[in-house]
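The values are calculated or read from the model by the stated rules, or taken from the named source; none is laboratory data. Worth saying up front: this structure is predicted, and the values here are computed from it rather than measured. Positions of Cβ are generated from backbone atoms using ideal geometry, with glycine treated the same way; all protein chains shown enter the neighbour counts.
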Amino acid sequence: MKLLWKLRFILKDYWQQYLLAFICLQIVSALNLLPPWLIGHVVDGIKDKSLTNQELFNYVAGIVVTGVAVYGFRYVWRAKLYGASIELIRKQRSRLFAHFTQLSPEFYQQHTTGDLMAHATNDLNAVEESVGVGIMTLVDSLIAGLTVLFAMVFLVSGKLTLLAMLPFPLLVWVTKRYGVALYSRFGRSQAAFSNLNEETRESITGIRAVKAHQLTDRQTQRFEQLSMEAVEANTSVARVDALFGPSISLFFGLSFVLALVGGAWLISHGQLTVGLLTSFTLYLSQMLGPMLQFGWQFNVFQRGSASWGRLEKLLSRKPKVSNAPDAQQAPDDTSLSINIQSFSYNAASDEKPVLQGISTEIAAGAFIGITGRTGSGKSTLLRLILREFDLPEGSFIQMGNIPLQQLTVESLREKLAWVPQEPMLFSGTIADNIRFSAPDASLEAVEKAAKLAAIDEEIMGFKDGYDTLLGENGINLSGGQKQRLALARALLADAEILLLDDAFSALDMKTEARILKNLMAMKGKKTIILVTQRLPELITADHILVLDRGRIIEQGNHDRLMASDQPEENTTEHWYAKIFRQQARTLLHPLEVKPDTVIKRSDVA
Amino acid sequence: MIANDEKKTSGYRGLARLVRYAKPYQWQFLGAFLILLLATSLEMLAPWLMKIILDEHIAPGVNDTMGLAMMGSALFGTYLGSAILQYIQNVKFQENALKVVHDIRRMLFAHVLRLPMSYFDSEPTGRLVSRITNDSEVLRQMFVGVIPAILQAFFRVVGIFIAMALLDVRLMFMTAMLIPVMLLAIHLYQKISHPVIHGVRSQLANINTRVNESLNGMRIIQAMGQEAHLQQQFDKDNEEWSQLKRKNINIDSLLLMPFTHLLNGIALAVVVGWFGYQSGFSLVEVGTLYAFINYLGRFFEPFRQITMQMSSLQQSLVASERLFQVLNEETEDTQHGQSKNQTDSPEIHSGKLEFNNVTLSYDSKNMALDNVSFTVEPGQFVAIVGHSGSGKSSVINLLMRFYQHQEGQILIDNQPLTSLKEDTLRQGLGLVFQEPYIFSGTMAENISLNHDQITDEHVQAAARKVHADPFIQELDESYEHKPGPGGKALSTGERQLLSFARTIAQNPKILLLDEATANIDGETEHHIKEALITLRENRTTIAVAHRLSTIQDADQILVMDKGRIVQSGTHEELLLQEGHYRDLYLAQQTEEQLGTTQQPGLTMAAANA
């Protein structure tokens, strides 16, 4: 009930449909009173031998017409009521999805996809059930129940109704008791089932250990025991669950017997006719449905209410990053100026900042390298340029001298093309994935981007070429293919600034060199910011930042960083030169490239 | 069409096989059926008693109060009896169905554990778990829902017709004409609604896939400014769903409940008309009319029940088909061609190992091991190193007989591996994993693994030997402590020490370390290194290692690349040579500098970044 109040804002859009459905429900209930009443008349007519053929024809026709009319009205109310609930849920689902697309990455760090999916499926289903079947049973049991009761009292006999209704409070009380007992038993059975699930999962994920340690028998025994427990818990549920049906029919039976006996007494006192008694028993059986439903809908509303509460909480989340009221379009000047005093993901806690004291200028069209150990804050820097997070007071990133916070998010991101560390692809064709950022791009543009990303030959090698369907997150592609598709996708966006976050880690040297060569051709036209741990990629960079624990420890171009003295062991000083030498030796070895030829390779690039 | 039919017959064959599992409980089920029959008969008696009451006690006027009271009590008696019998019947069905499900589950679980390792490579864990627990749960519905509902429906319809025939044969035949109409309606409903229901489901699945995918890729969607575009696609799917769903509702409204009510109404009109017409020239008792109307009302119930159970039946068929697919998989024993009562199985005494020209391919395309030969003398410590995918773990896979090699020979103590019994082999070889697997149960159980010959003293002695005793003593209930699922409350090092104790207690002749020191953090590293030395005492040891620092004292190091052994020798010898080993060694040093090898403290930051 509370749920309906909470839902009033979204329900009110459909009030006409609901009202029409309720009116039809009322008409159906009223029409349903007719056949028993007519039958009662026929019975009396037969008994008194006063039934004329004309009367009989009228009664029979009345029953048929009522049946047809009820059929029609039933159809209308179902279509209206369920139609409204479908429409309502469609809208809410769309609203939820829209909300998801608005929330910032900060939100997605706190919630797993699984949890969010549960909201989008289970919670919406529970609400749908409440506003559809739930409202239907509530209103139907009220309308139909009251209408039938009205008929019993006013068309037949108030005394008889009172007598026949005697067992009903008892029935309500008994089923309530069952419900309570069932609830706790049901909890136990669910726990037993989840134990069983957990045990099974454990044995299967640990199958190597199970086999290696000869645990097949042990695990089977444990499984058997848990399965037996589940059987017992389910049996105890069944013992209560099976009480409902028989109890209801028993109490109804009692009500019938009371009606018959009481009716007989009334008839013998001339207060009732046999026909009316017949009508009465027929009405009594019409009470069964509403009585059953009335108890049932409480559960539905309870679940729906809890679900709606969760959804509301979710929908009330405000995105952390949004357009300022006076936000302007991103400027044509795409030079970046970065000045970060300190940044951490969770400002409230006193954990160490992820970035501090970062200050640098990135001219439009420059090639910037960012490197450093894992966890040194490289990706975070890219995320800040993308404005996935806002910087605290005192720190800023400016594009063409305007702080990012003063730009609209859309116009900023139009200037940026980002290739993430983990390539994320979508189900659909390869072409769709490449033209993701520009859905209307021509096939030529798609092919051109693929060529630049050195993936076109492999795509043409697939049976369906660019129309090859990808599974979820490109499951049918290798890691290297995914990375290059993600690159092609970013290149097609034709943005001014290219952000590459360790985007070539799964590629072999040769392919990497081809791509780098293609990227270098754009130098001067596009800003390229490349995060990598493969230092040879950075030989031609205009400027290289070396990060360690959120700080810049070295910067300059390749030659300057290499020109330092022989590095000492086990310090972070001259990190770049030390790692470069090691990598020149080991990373390039498979190609049989000696350190002195490295320079040549990069010259080509 | 033909394919469809075949699928159907195989589904029903699965059903027949399913019913066979109920055989041990056939008498129980038969008893439940009889009670069901009795309950239904009593139910059918009630309208008849009402007819008698109406015709003999009420219509002529009440003069026999005693008789009326008797008849009233009798009527209540039928309700009471029927209710009690219904309850017993229902509980009986449930109990036995649960037993059948338990049997199927147990058999399925034992079967799955005996399947060869390669099966688990291709089958996702979630799916297998779902086969064992969820699918078998669906089958329960078959025994408690579908079968009783069909039988009860049948009993009821028969009972109703008998009663109707006794009341008025001609009207009974008229009512019988409703059956083809009902069946036609059910058939029509199935035919029309099936594609729509299917469409609703698949459209919903589409929507959910899309949401899931979008949630995973939200950062890229936002970075590329594609929110609106995706919303558009989503709304299109969503709209299609709502249209299909509405169609579904309309079909339901036209052909289900409202339709049976319509038929009921028409039939009612016919019955009333008939009795009214008869009354014009013969004696008609109102009780008969009343009873007939009552039976007619009950006539539609069974059809509604059957329609409701149809989807349960479909689901059960699908579930049983999936179950039998798993049950039809060949188990390891049959694959290795071993008979269980093999008597002359050799034992493992000294722990000598030999690989002779062994070739293995997991997928019969790519070679995992290519003509590999080496010998390990009893008591020797041999390390295998190489890049991931070089085949080093395959050596262990073959030794544990997780997989079957295609060519060559593997000898343990000069006996072919295949001649060893499963028990002998897995008792003689002690495998320590990179991620030690902690089973639910107590700490002691995790060491003894419930093998009878390992007593509590053995457990504690083993724990002391590998320095696991101190930390176990500190836990609540020490050895009786339950570490919970996956042992997540224990640190990686503690888990590893526990698995060492497990291996010591098992006392194998041959020790296999599968990257056992890859994930060790600083705090326990010292203990682990010492424990490893204890572990290796008096045993042949094969260590597959990623971190070269842990294997520098090996008697022999085998360097693998693309399934072949490319170098071998001691650490010092190999370092002096140009080649793979030295490259690996240098690369590892770089990796340590780059922080890509796991280091405590940094992993947190990396997870955030």
Quiz item: If B:Ile160 passes every condition in (1) surrounded by fewer than 16 Cβ atoms within 10 Å (Cβ to Cβ); (2) in contact with a Pro (Cβ under 9 Å, 6 or more places away or on another chain) but one, which one does it miss?
Solution: (1)
Quiz prompt | helices (runs of 4 or more DSSP H) contained in segment A:103-206 and holding at least 3 residues touching a Leu at 6+ places or on another chain (Cβ under 9 Å), of a type outside the set (Lys, Arg) and crowded, with 20+ Cβ neighbours inside 10 Å | solution = A:135-151, A:158-165, A:167-205
Quiz prompt | Elements of type strands (runs of 3 or more DSSP E) contained in segment A:278-397, each with 1 or more residues being free of Cβ contacts under 8 Å to residues at least 60 places away in the same chain and touching a strand residue (DSSP E or B) at 6+ places or on another chain (Cβ under 7 Å) | solution = A:336-343, A:355-362
Quiz item: Which residues, taken from segment A:233-246, are more than 7 Å from every other protein chain (Cβ to nearest Cβ) and not aromatic (Phe, Trp, Tyr)?
Solution: A:Ala233, A:Ser236, A:Val237, A:Val240, A:Asp241
Quiz item: Of the numbered conditions (1) modelled with pLDDT of 90 or more; (2) in a helix (DSSP H, G or I), A:Ile544 satisfies every one except a single condition; which is it?
Solution: (2)
Quiz item: In this structure, is B:Ala291 part of a helix (DSSP H, G or I) and touching a residue at least 24 places away in the same chain (Cβ under 8 Å)?
Solution: yes
Exercise. Go through B:Glu301, B:Glu354, B:Glu329, B:Glu347 for me and flag whichever is within 38 Å of the chain's Cα centre (by Cα), more than 14 Å from every other protein chain (Cβ to nearest Cβ) and either at pLDDT 80 or above or closer than 30 Å to B:Asn538 by Cα (or both).
Key: B:Glu347
Self-check item: segment A:95-117 residues that are within 19 Å of B:Ala223 (Cα to Cα), paired with ones that are assigned to a helix (DSSP H, G or I) (beta carbon under 6 Å, 6 or more apart)
Solution: A:Phe97/B:Phe234; A:Ala98/B:Gln231; A:His99/A:Leu315; A:Thr101/B:Glu227; A:Pro105/B:Arg219; A:Tyr108/B:Met218; A:Thr113/B:Leu215; A:Thr113/B:Asn216
Quiz item: Taking segment B:415-465, which residues are of a type in the set (S, T, N, Q), surrounded by fewer than 19 Cβ atoms within 10 Å (Cβ to Cβ) and not in a loop (DSSP other than H, G, I, E, B)?
Solution: B:Gln415, B:Thr418, B:Ser419, B:Thr424
Quiz prompt | Matching entry among A:Ile553, A:Ile579, A:Ile539, A:Ile529 (being at pLDDT 55 or above, within 47 Å of the chain's Cα centre (by Cα) and in the same structural domain as A:Ser379 (by TED's automatic domain parsing)) | solution = A:Ile529
Quiz item: Do you know which of the residues in segment B:267-288 that are assigned to a loop (DSSP other than H, G, I, E, B) and buried (at least 18 other Cβ atoms within 10 Å of the Cβ) is farthest from the other protein chains (Cβ to nearest Cβ)?
Solution: B:Glu285
Quiz item: Being at pLDDT 85 or above and small (Gly, Ala, Ser), is that true of even one residue in segment B:94-107?
Solution: yes
Practice problem: Return the residue satisfying two criteria in turn: it lies in segment B:171-215 and is touching a residue at least 24 places away in the same chain (Cβ under 8 Å) and of a type outside the set (A, V, I, L, M), and of such residues it is farthest from B:Phe292 (Cα to Cα). | Solution: B:Arg210
Exercise. Check whether at least one residue in segment A:89-105 is within 18 Å of A:Leu7 (Cβ to Cβ), assigned by TED's automatic domain parsing to the domain that holds A:Gln16, hydroxyl-bearing (Ser, Thr, Tyr) and at pLDDT 85 or above, and report yes or no.
Key: yes
Self-check item: Among (1) part of a helix (DSSP H, G or I); (2) of a type outside the set (D, E, K, R); (3) surrounded by 18 or more Cβ atoms within 10 Å (Cβ to Cβ), the one test that A:Leu51 misses
Solution: (1)
Quiz item: Of these, B:Asn264, B:Asn206, B:Asn212, which one is closer than 29 Å to A:Leu384 by Cα and surrounded by fewer than 20 Cβ atoms within 10 Å (Cβ to Cβ)?
Solution: B:Asn212
Self-check item: Within segment B:556-576, considering residues that are in a strand (DSSP E or B) and of a type in the set (A, V, I, L, M, F, W, C), the one farthest from B:Thr359 (Cα to Cα)
Solution: B:Ile557
Quiz item: Of A:Leu155, A:Leu142, A:Leu149, A:Leu163, which residue is within 13 Å of chain B (Cβ to nearest Cβ) and touching a residue at least 12 places away in the same chain (Cβ under 8 Å)?
Solution: A:Leu163
Self-check item: Single residue of segment A:254-277 satisfying the filter (surrounded by fewer than 22 Cβ atoms within 10 Å (Cβ to Cβ), in a helix (DSSP H, G or I) and without any contact (Cβ under 8 Å) to a residue 12 or more places away in the chain) that is nearest to the other protein chains (Cβ to nearest Cβ)
Solution: A:Ser268
Exercise. Among the residues of segment A:188-230, write down those that are more than 7 Å from every other protein chain (Cβ to nearest Cβ) and small (Gly, Ala, Ser).
Key: A:Ser189, A:Ala191, A:Ala192, A:Ser194, A:Ala230
Quiz item: Which one is nearest to A:Arg208 (Cα to Cα) among residues in segment B:438-461 that are within 14 Å of another protein chain (Cβ to nearest Cβ) and of a type in the set (D, E, K, R)?
Solution: B:Glu445
Quiz item: Based on what the data block shows, is B:Tyr79 free of Cβ contacts under 8 Å to residues at least 40 places away in the same chain, at the interface with chain A (Cβ under 7 Å from one of its Cβ atoms), surrounded by 22 or more Cβ atoms within 10 Å (Cβ to Cβ) and closer than 30 Å to B:Leu45 by Cβ?
Solution: yes
Quiz item: Counting residues that are closer than 28 Å to B:Val385 by Cβ and either touching a helix residue (DSSP H, G or I) at 6+ places or on another chain (Cβ under 7 Å) or modelled with pLDDT of 80 or more (or both), which helices (runs of 4 or more DSSP H) fully inside segment B:466-541 reach at least 2?
Solution: B:492-506, B:522-536
